[in-house]
Amino acid sequence: MRILIAESDVATSNKIKTSIAEDGYKIDIANNIEDCKYYVDVRNYDLVLLDNNIDNHKNFIATVKHKRMKTCIVITSEVGTKEAEIDALKSGAEDFLKKPLDMDILKARVTARLRHGGSNIIEFGELLIDPDEEKIQYQGKFVELKGKPFEVFTHLARHRDRIVSKEQLLDAIWEEPELVTPNVIEVAINQIRQKLDKYLGISTIETVRRRGYRFCYENDEEGI
């Protein structure tokens, strides 16, 4: 699972990362609204820890909630009044934590929120994608597609209305994209087509010349 720590204070964000990283989550840090917007545009998050000192944080919540993914938002605030908590929940957050943060309580709340966050399954008619279990099902058949190819496939499915470049895929999926070449995307796409499309007799990924790739499975009756 992936978590975005949107925290205006660098020291606090690093402390939070050190604490919750022990549980194996993939974590990104944003210290301003511009970085927040960038990360949610290229990556999918299961949970966002959002400092209400981040400029325009309420607009950011609305942006996250309108994306095609189920994301839990936990507001952290130096203002621990009843009114502040009500305001945070009304703005779209699922939880509210007062600073200074107790890291043991924070970890427990994060675990609880992720546990009860609901299903992340992506549905396109008879094509079901389960990001949590790395499973793909189509007309009762299960497809074996793991690791980076699965993550590439899932990312394209979540952004089905967009052409996604190789660079965007690298940045969204690889922890250190600068250390790998764009050729790894071609390898992943080839595995998707061989292990999934060819096996199922469908087409899911379209190559858009000089621009990138687009999810093209047409039987998306129910959408995400």
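Every read-out reported here was derived from the displayed coordinates using simple, explicitly stated rules and does not represent laboratory data. The structure presented is a predicted model; accordingly, all values stated were derived computationally and were not measured. All Cβ positions, glycine included, derive from the backbone under ideal geometry; neighbour counts span all protein chains shown.
Place a +1 charge on the Cβ of each Lys and Arg in the chain and a -1 charge on the Cβ of each Asp and Glu, then give the dipole magnitude about the Cα centre in debye, rounded to the nearest 20.
Values: 34 positive and 40 negative charges, 93 e Å.
I would put it at about 440 debye.
I'd like the Karplus ³J(HN,Hα) series for the range 149-161: coefficients 6.51, -1.76, 1.60, θ = phi - 60°, whole numbers in Hz, and an x wherever there's a Gly or Pro.
Each residue's phi maps through the Karplus curve to give x, 5, 5, 4, 4, 5, 5, 5, 5, 5, 10, 4, 8 Hz.
Mean projection of the alpha-carbon convex hull of the range 122-215 over all orientations, in nm²? Mind showing how you got there, number by number?
Details: hull surface 23.1 nm².
Over all viewing directions, the range 122-215 projects a mean Cα-hull area of 5.8 nm².
If I fit a long axis through the Cα atoms of helix 10-20 and take the longest principal axis of the Cα atoms of the chain, what angle between them do I get, 0 to 90°, rounded to 10?
Approximately 60 degrees, to the nearest 10.
Taking the alpha-carbon distance from residue 148 and a cut-off under 17 Å, which lysines remain once sequence neighbours fewer than 8 residues away in the same chain are dropped?
26, 135, 166, 195
Using the alpha carbons of the chain, what is the convex hull volume per residue in cubic angstrom, as a whole number?
128 Å³
Using a Förster radius of 30 Å, what is the FRET efficiency between residue 181 and residue 14 based on their Cβ-Cβ separation? Nearest 0.05, please.
0.50
Rounded to the nearest 10 degrees, what's the angle between the helix 57-66 long axis and the longest principal axis of the chain, both from Cα atoms, 0 to 90?
That works out to roughly 30 degrees.
Please report, in debye to the nearest 20, how large the charge dipole of the range 57-107 is about its Cα centre when each Lys and Arg carries +1 at its beta carbon and each Asp and Glu carries -1 there.
Once rounded to the nearest 20, the dipole reads 380 debye.
Any lysines with Cα under 19 Å of the residue 98 Cα? List them, leaving off those in the same chain fewer than 8 positions away.
Cross-link targets: 15, 17, 58, 82, 90, 107.
Find, among the GluC sites (Glu not before Pro) in the range 119-209, those assigned to loop by DSSP (not H, G, I, E, B) with at most 12 other beta-carbon atoms within 10 angstrom.
133, 144, 175
What are the ³J(HN,Hα) values, in whole Hz, obtained from phi via the Karplus relation 6.51 cos²θ - 1.76 cosθ + 1.60 with θ = phi - 60°, for each residue of the range 31-46 in sequence order, with x given for Gly and Pro?
10, 8, 5, 5, 5, 4, 5, 4, 5, 6, 7, 9, 10, 9, 10, 7
If the viscosity is 1.002 mPa s and the temperature 20 °C, what Stokes-Einstein diffusion coefficient in µm²/s follows for the range 2-115 when Rh is the Kirkwood radius over Cα pairs? Could the numbers behind the result be given before it?
Working: Rh = 13.8 Å.
The diffusion coefficient I find is 155 µm²/s.
With unit charges on the beta carbon (Lys/Arg positive, Asp/Glu negative), name the residue among 124, 49, 59 whose Cα is farthest towards the positive pole of the charge dipole of the chain.
My answer, from the dipole projection, is 124.
Tell me, in nm to one decimal, what length is gained between residue 1 and residue 22 on full extension, where the rule is 0.36 nm per residue of separation less the Cα-Cα distance?
Length gained between residue 1 and residue 22: 6.3 nm.
Given 14, 182, 111, which one lies farthest toward the positive end of the charge dipole of the chain, if we put +1 on the Cβ of every Lys and Arg and -1 on the Cβ of every Asp and Glu?
Value: 182.
Taking H as built 1.01 Å from N, whose amide H comes closer than 5 Å to the amide H of residue 205, not counting residues under 5 places away?
When sequence neighbours closer than 5 places are left aside, the close amide H contacts are 216.
In degrees, nearest 10, range 0 to 90: what is the angle between the Cα axis of helix 103-115 and the longest Cα principal axis of the chain?
Once rounded, one gets 40 degrees.
Let me spell out the model: positive unit charges on the Cβ of Lys and Arg, negative unit charges on the Cβ of Asp and Glu, origin at the Cα centre of the range 114-206. What dipole size does that give, in debye rounded to 20?
The calculation lands at about 320 debye.
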